[in-house]
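Undergrad: Right, I'll just put the structure down here and ask away after.
Each value in this text was obtained by applying a stated rule to the coordinates, not by laboratory testing. Computed from a prediction, not measured in an experiment: that's the story for all the values here. Here the Cβ positions follow ideal geometry from the backbone for every residue, glycine too, while neighbour counts run over all protein chains shown.
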């Protein structure tokens, strides 16, 4: 495409613009800049046919380079986000099992076992809180920089542990 476009542009612009389009390799510089959508502006066509061909080539440059790069980047970003969410969910499932902690708390056990149950509950709750914070950051972006929200989550975790284990 570059060789074809540069050759055509040389034949179209050479007579009207001999110092800029002096040869096909000189026209190739214009073709590279146009195809890659950089558009330095140091070389440009001045004839109506040259401008028309230049516009078509600029659109081809966008279609060949810019659009596929954007689509690939968007797909890559979505895949990275999906894997992060799967990993967070797997980590939460691997943490202390919430239901077994709940049952442990309901059984009359000694002080040491109850402390262990409390620690497991707090660990699973903190993992859940971390996941909630991550999802909130993901959805709210930079707006989720409020210390009050973090404090409220921590207080909620503490109050839940106090009520569940009657501390």
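Undergrad: Listed residues 34, 47; which is under 26 Å from residue 70 (Cβ atoms) and touching a helix residue (DSSP H, G or I) at 6+ places or on another chain (Cβ under 9 Å)? Even if it seems obvious, please write down each step before you answer.
TA: Numbers: 47 fails: under 26 Å from residue 70 (Cβ atoms).
Going through 34, 47 in turn, the sole match is 34.
Undergrad: Working only within the stretch 3-34, note down all residues that are buried (at least 16 other Cβ atoms within 10 Å of the Cβ), under 38 Å from the mean Cα position of the chain (by Cα) and touching a residue at least 24 places away in the same chain (Cβ under 8 Å).
TA: 5, 6, 28, 30, 31, 34 - these are the residues of the stretch 3-34 that are buried (at least 16 other Cβ atoms within 10 Å of the Cβ), under 38 Å from the mean Cα position of the chain (by Cα) and touching a residue at least 24 places away in the same chain (Cβ under 8 Å).
Undergrad: Looking only at the stretch 43-87, which residues are closer than 18 Å to residue 12 by Cα and in contact (Cβ under 8 Å) with a residue 12 or more places away in the chain?
TA: Pass one, the stretch 43-87, residues closer than 18 Å to residue 12 by Cα: 43-58.
Those that are closer than 18 Å to residue 12 by Cα and in contact (Cβ under 8 Å) with a residue 12 or more places away in the chain: 43, 44, 45, 46, 47, 49, 50, 53, 54, 57, 58.
Undergrad: Restricting to helices (runs of 4 or more DSSP H) lying wholly in the stretch 1-97: which have 3 or more residues that are over 30 Å from residue 135 (Cα atoms)? Spell out how you get there, then give the answer.
TA: Numbers: elements: 2-13, 24-35, 48-61, 67-94.
Here the list reads 2-13, 24-35, 48-61.
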